[in-house]
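The values are calculated or read from the model by the stated rules, or taken from the named source; none is laboratory data. Just so we're clear, the structure is a prediction, and the values are computed from it rather than from any experiment. Please note: Cβ atoms are built from the backbone with ideal geometry, for glycine as well, and neighbour counts cover all protein chains shown.
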Amino acid sequence: MTIAPYEQIDEGLYCIETGLYRHGLAACYLVRSQDRLAFVDTGAANSVPGLLGVIADLGLTPAHVDYVIPTHVHLDHGGGAGHLMAACPNARLVTHPKGATHLIEPDRLIAGSTQVYGEEGFARLFGAPLPIPQARVIEARDGETFDLAGRPLRFVDTPGHANHHGCIHDEWSQGFFTGDTFGISYREFDTAAGPWLFAPTTPVAFDPDTWLASLDKLMAAAPRVMYLTHYGAVQDPDRLVEGLAESIRALAGIALAEEGREESERETRIKSAVGAYLLARARAHGVTLADATIAELLSLDTDLNAQGLEVWLKRRAKHR
Ligand SMILES: [Zn+2]
């Protein structure tokens, strides 16, 4: 049996390493109340055996899982949902209504992801999602609360990173499972100033204004802690939110500076500007790692952010 590395971070709350790319890049969460379980995010298809190992390690079985809740359908968050649902006979899948079709019929999602990662990379990194029977899928309304054996989990619609993104509020810990909405914060960049956050502007539906509004919506609930998929729990969201909002505006600004410029080499220019911006922010935060180490830790996000910004520019051009 494979058991994914995991740790208990609060009462009935476990942060699990999904094993994508490198350790410390993508987590998911297991929430427990009495002997009932809910997953928030799932990693990719390749992550699922390790997640089932965690359930066994806690002395429970897949039959104890009531909910599987991907925050959005990007593969590092929801790619394993179908395999998990197939293994957990009593679970219902809770999703943003705009993500439901992709989980029920993942063909387009697979095609889109193959385009971003290449066929070989896709199979190696993620594994193919399984379709989920429609009858087991709940399309969550904004504010809808799901009861996990007396522990309320509230779905909040938070578009901006993706239009099919929701966050889950955990009343017991006064925290949000934020998927990508509260940004990325790798522990390698922690300094005396605390954690450093930046926004993933991943393809294909980055929308800065909508995202900033979603942040306001989260903060209105006065959360005590945010559980990030990338990576782990960060305390004091009040203190962190402005830095994250600044990164949304700055990254959008990098793209907007390209409007009206010729398109050849655009992606190269955006990518180098994103890399330079992230490096400068890391330095301003007091990170003392070598430039090359910082660039390596951020290489995937730099690529995806640049791609996402370019897609956003194209969408803006089309709508003008
Ligand atoms: Zn993600």
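Below, the figures for the structure above:
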| quantity | calculated |
| --- | --- |
| Residue within segment 116-123 that is assigned to a loop (DSSP other than H, G, I, E, B), buried (at least 16 other Cβ atoms within 10 Å of the Cβ) and within 16 Å of the ligand (Cβ to nearest atom) present | no |
| Whichever residue in segment 71-112 is free of Cβ contacts under 8 Å to residues at least 40 places away in the same chain and either part of a loop (DSSP other than H, G, I, E, B) or assigned by TED's automatic domain parsing to the domain that holds LEU304 (or both) and, among such residues, is nearest to the ligand (Cβ to nearest atom) | PRO106 |
| Lone unmet requirement of (1) at negative phi; (2) surrounded by fewer than 24 Cβ atoms within 10 Å (Cβ to Cβ); (3) at pLDDT below 95 for HIS74 | (2) |
| Those strands (runs of 3 or more DSSP E) lying entirely in segment 138-212 with at least 3 residues touching a Cys at 6+ places or on another chain (Cβ under 9 Å) and under 24 Å from ILE294 (Cβ atoms) | none |
| First in segment 228-243 and within 10 Å of LEU197 (Cβ to Cβ) and small (Gly, Ala, Ser), second anywhere and part of a helix (DSSP H, G or I) and modelled with pLDDT of 95 or more, Cβ under 9 Å, 6 or more apart | GLY243/ARG281 |
| Filtered residues of segment 1-60 (kept if within 16 Å of the ligand (Cβ to nearest atom), charged (D, E, K, R) and outside any loop (DSSP other than H, G, I, E, B)) | GLU17 |
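The rows are residues; the columns are (1) assigned by TED's automatic domain parsing to the domain that holds THR71; (2) over 30 Å from LEU30 (Cα atoms); (3) over 23 Å from the mean Cα position of the chain (by Cα); (4) surrounded by 13 or more Cβ atoms within 10 Å (Cβ to Cβ).
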{"position": "LEU251", "(1), (2), (3), (4)": "no, yes, no, yes"}
{"position": "ILE254", "(1), (2), (3), (4)": "no, yes, no, yes"}
{"position": "ARG261", "(1), (2), (3), (4)": "no, yes, yes, no"}
{"position": "SER264", "(1), (2), (3), (4)": "no, yes, yes, no"}
{"position": "VAL274", "(1), (2), (3), (4)": "no, yes, no, yes"}
{"position": "ARG281", "(1), (2), (3), (4)": "no, yes, no, yes"}
{"position": "THR302", "(1), (2), (3), (4)": "no, no, no, yes"}
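Yes/no matrix, rows are residues, columns are (1) among the polar types (S, T, N, Q); (2) within 13 Å of the ligand (Cβ to nearest atom); (3) over 22 Å from VAL73 (Cα atoms):
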site: PRO133; (1), (2), (3): no, no, no
site: SER173; (1), (2), (3): yes, no, yes
site: THR178; (1), (2), (3): yes, yes, no
site: TYR186; (1), (2), (3): no, yes, no
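For every residue, the table says whether it meets (1) in the same structural domain as LEU313 (by TED's automatic domain parsing); (2) away from the ligand (no atom under 15 Å from the Cβ); (3) under 21 Å from ARG281 (Cα atoms).
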{"position": "ILE138", "(1), (2), (3)": "no, yes, no"}
{"position": "PRO152", "(1), (2), (3)": "no, yes, no"}
{"position": "ASP170", "(1), (2), (3)": "no, yes, no"}
{"position": "ALA192", "(1), (2), (3)": "no, yes, yes"}
{"position": "LEU197", "(1), (2), (3)": "no, no, yes"}
{"position": "PRO200", "(1), (2), (3)": "no, no, yes"}
{"position": "ALA205", "(1), (2), (3)": "no, no, no"}
{"position": "GLY232", "(1), (2), (3)": "no, no, yes"}
